[in-house]
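Structure, as structure tokens:
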Amino acid sequence: MEPPMDPSGGEQEPGAVRLLDLPWEDVLLPHVLSRVPLRQLLWLQRVSRAFRALVQLHLARLRRFDAAQVGPQIPRAALAWLLRDAEGLQELALAPCHEWLSDEDLVPVLARNPQLRSVALAGCGQLSRRALGALAEGCPRLQRLSLAHCDWVDGLALRGLADRCPALEELDLTACRQLKDEAIVYLAQRRGAGLRSLSLAVNANVGDTAVQELARNCPELQHLDLTGCLRVGSDGIRTLAEYCPALRSLRVRHCHHVAEPSLSRLRKRGVDIDVEPPLHQALVLLQDMVGFAPFVNLQV
């Protein structure tokens, strides 16, 4: 009598313990598959029907899914298969799908995962207001959201988000160029009390009106990125210094209307600012020109 075949197609030696003989729920899922990268799971599920069932069970129990673990690009069919049974996701990152991800791809995933707390959709330009509406409506525990470089995000989309996401703490709106002061003011008034991190970088439509309203309504704000917000000036920064005691970092590079006196109060509090004081800049320039810098007591 020939020895039985194992699920991978090879012969099983008498008395040998196969991997799939180990308890799935107690051993394989929590201690083995949880350490296997998603890219390798795609290969593993092709070994046999039993391995495919094991991988599908693991994927259905995922709490965190980052498409970058599959690779820099992921086909639509692969994403659909990986997420088809997931119903307990808390973190979802889909930046590698930015070239093709549509509302039809995303909305069903959001509907099956109401426990989502962190969603990263940076660069996903094929989405629309519908996807953001589904996220806001179906995921009330959402805390962190990245919409960087999503040109479709407008004031109406942001208002819906502000109205329906009471737990929102971190929001990345980098290069969402349709947003203007009015939309940011609404966000500040509706969700400012809980906001801790906000990026409005690379948006020439954002000015002091938005920054001042954020300052007055966001007492817990710790990180604010205003890089390239050309309409932001010293008035907005002075208001931040007055009303945001928790502020830890501020990005104002290329904000040409922000003067050093408005930043000095924040520097004295130890806030990390990405623009060096003018004296330091002058010393660096001098060192580049002559090869050394004279000793200057910066404490004076």
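The values are calculated or read from the model by the stated rules, or taken from the named source; none is laboratory data. Bear in mind the structure is a predicted one, so any value in this text is a computation, not a measurement. Backbone-built Cβ (ideal geometry, glycine too); neighbour counts: all protein chains shown. Remember, those area values only see protein heavy atoms, side chains included, never the ligands or the DNA or RNA. Shrake-Rupley method; radii C 1.70, N 1.55, O 1.52, S 1.80 Å.
Annotations
- Within the stretch 33-64, being open to solvent by 50 Å² or more (accessible area, probe 1.4 Å) and closer than 19 Å to residue 89 by Cα holds for 34, 35, 37, 39, 57, 61, 63, 64.
- Within the stretch 214-239, the residues that satisfy the criterion of being within 21 Å of residue 169 (Cα to Cα), in contact with a Ser or Thr (Cβ under 9 Å, 6 or more places away or on another chain) and either open to solvent by 10 Å² or more (accessible area, probe 1.4 Å) or of a type outside the set (A, V, I, L, M, F, W, C) (or both) are 216, 222, 223, 225, 227.
- Count of the stretch 75-109 residues, restricted to those that are in contact with a strand residue (DSSP E or B) (Cβ under 8 Å, 6 or more places away or on another chain) and among the aliphatic types (A, V, I, L, M), is 9.
- Taking every residue in the stretch 61-87 that is under 21 Å from residue 25 (Cβ atoms) and pairing it with any residue that is polar (S, T, N, Q) and part of a loop (DSSP other than H, G, I, E, B), at least 6 positions away or on another chain, the pairs with Cβ-Cβ distances below 6 Å are 63/90.
- Just one residue in the set 93, 111, 131 is modelled with pLDDT of 95 or more, open to solvent by 50 Å² or more (accessible area, probe 1.4 Å), farther than 30 Å from residue 208 by Cβ and hydrophobic (A, V, I, L, M, F, W, C); that residue is 111.
- Among the conditions (1) assigned by the TED database to the domain that holds residue 100; (2) open to solvent by 70 Å² or more (accessible area, probe 1.4 Å), the only one that residue 74 does not satisfy is (2).
- Hey, residue 67 at negative phi, open to solvent by less than 60 Å² (accessible area, probe 1.4 Å) and touching a Cys at 6+ places or on another chain (Cβ under 8 Å) or not: yes
- The one condition in (1) touching a Lys or Arg at 6+ places or on another chain (Cβ under 6 Å); (2) more than 17 Å from residue 74 (Cα to Cα) that residue 103 fails to fulfil: (2)
- Of all residues in the stretch 162-209, those being under 19 Å from residue 151 (Cβ atoms), open to solvent by 10 Å² or more (accessible area, probe 1.4 Å) and not small (Gly, Ala, Ser) number 9.
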